[in-house]
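Every number here is computed from the coordinates shown, using simple stated rules; none is lab data. Since the structure is predicted, the reported quantities are computational estimates derived from the model, not experimental observations. Positions of Cβ are generated from backbone atoms using ideal geometry, with glycine treated the same way; all protein chains shown enter the neighbour counts.
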Amino acid sequence: MDNTASTVISGTLYVVATPIGNRDDITLRALKILKDVDLIAAEDTRHTGRFLSLHSIKGNLISYHEHNERERTPDLIGRLKAGSSVALVSNAGTPLLSDPGYRLVKEAVAAGVNIVPIPGVSAAITALSASGLPIDSFVFIGFCPKKNQKRLDLLKELNKEKRTIVFYESPKRIMRFIEELFDVMGERYCVLSRELTKLHEEIIRGTQTEILYALKQRSELKGEITLLISGYEEKDNYSSDILIKELTESICEHNTPLSVLAKEKAKKFGLSKKQVYEEALKIKKEQLE
């Protein structure tokens, strides 16, 4: 066993993964590095300080987050080039994965600084490992854009993605987000993970409709959420000719409202509600001409 891998080297940037919930999910190597480095660049110094105290570590902390990384990066690069050892940590999980740190690592590479990853927990990998979905190949998205149009454009781009897709979302936005996924991608199998590694850890499996129903029974929802969506699959029962025939019959014979019709056929054929609605609208217009 090579014990030198746990010896801090001067002028080195250590990218250190920390727990996403359970404080014991930290490697012995990570604890040694955090104890011995000259400086710890933390997303939230108070949060990291409390974690370090639980492990009897008195680290020299400096804040490094999305609001100050532009100004703080040159200072940290200067310290590294002068021989200081620096550990980069986020509030939870592996830095850079939907967390600050990219700018510092990029500039460290450009400056020729030695960079050492200290692996550990990641919410995405943790959720994938227990999902039951294919994870030999997957797409990590993290948090989607907050602006509606940018978010919808991204979901449209991902509509035909065949690999499992990994999203992060807040409990306040998750239900609306799941509804958007259904509208754009149609009915898919999903796995929603919440409070991973914590006391109230929860994993919900099912279609968007089933998961939405389960969430709507709650008075409140807490904890960051990892949502996995199954990849796109061609449906055996799908045929554009059959879809058009069924839409035409429903519109002509039953006068079914287009919104109801779109939802019903989208679920049956595994298509997006928007796609079916546009096809139904086209049929309706042709009949009126």
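In percent, how large is the relative contact order of the chain, given Cα pairs closer than 8 Å and 6 or more residues apart?
17
Taking all pairs of distinct Cα atoms, average 1/r, flip it, and tell me the Kirkwood hydrodynamic radius of segment 124-229 in Å to one decimal place.
The Cα-based Kirkwood calculation yields 13.9 Å.
Apply 1/(1 + (r/R0)^6) to the Cβ-Cβ distance of Lys146 and Lys35, taking R0 = 41 Å, and write down the FRET efficiency to the nearest 0.05.
According to the calculation, E is roughly 0.60.
So how do Leu243, Leu96, Leu28, Leu261 line up by other beta-carbon neighbours within 10 Å, fewest first?
The fewest-first ordering by Cβ neighbours comes to Leu28, Leu96, Leu243, Leu261.
Where the centroid of each part is defined by its Cα atoms, how far is segment 16-95 from segment 123-202 in Å?
28
Describe numerically, in nm with one decimal, the distance between label points set 7 Å from Cα along Cα→Cβ at Val139 and at Asn68.
3.7
Taking H as built 1.01 Å from N, whose amide H comes closer than 5 Å to the amide H of Asn114, not counting residues under 5 places away?
Amide H to amide H, under 5 Å and 5 or more residues apart or across chains, Asn114 pairs with Leu13.
Tell me the label-point distance for the pair Val109, Ser259, using the 7 Å Cα-to-Cβ offset, in nm and rounded to one decimal.
Placing both labels 7 Å beyond Cα along the Cβ direction yields 4.8 nm.
Given springs between every Cα pair under 10 Å in a Gaussian network model of the chain, which of Gly120, Gly112, Gly186 has the largest fluctuation?
In the Gaussian network model the winner is Gly112.
FRET efficiency for Asp241 and Ala214, Cβ-Cβ distance as r, R0 = 30 Å, nearest 0.05?
Result of the calculation: an efficiency of 0.25.
For the chain, modelled as a Gaussian network with Cα springs under 10 Å, which listed residue fluctuates most, Ala110, Ala266, Ala124?
Ala110
For segment 156-289, with the dipole built from +1 on Lys and Arg beta-carbon atoms and -1 on Asp and Glu ones, taken about the Cα centre, which of Leu281, Ile211, Leu271 lies farthest toward the positive end?
Ile211
Percent relative contact order of segment 154-286, based on C-alpha pairs within less than 8 angstrom and at least six residues apart?
Relative contact order here is 30 percent.
Please identify, among Tyr64, Tyr232, Tyr102, the residue showing maximal mean-square fluctuation in a Gaussian network model of the chain using a 10 angstrom Cα cutoff.
Top of the fluctuation ranking is Tyr102.
Given charges of +1 on the Cβ of Lys and Arg and -1 on the Cβ of Asp and Glu, with all other atoms neutral, how large is the dipole of the chain about its Cα centre, in debye to the nearest 20?
Result for the chain is approximately 660 debye, rounded to the nearest 20.
For helix 69-81, report the angle its Cα long axis makes with the longest principal axis of the Cα atoms of the chain; keep it between 0 and 90° and round to the nearest 10°.
Rounded to the nearest ten degrees, it is 40.
For Lys285, give me every one of the lysines with a C-alpha distance below 29 angstrom, ignoring sequence neighbours fewer than eight places off in its own chain.
Here the lysines satisfying the reach criterion relative to Lys285 are Lys156, Lys160, Lys235, Lys245, Lys263, Lys265, Lys267, Lys268, Lys273, Lys274.
Per DSSP H run of at least 4 residues, take -39500 (n - 2.57); add these up for the chain, divide by its residues and hand me the 222 nm value, nearest 500 deg cm²/dmol.
-12500 deg cm²/dmol
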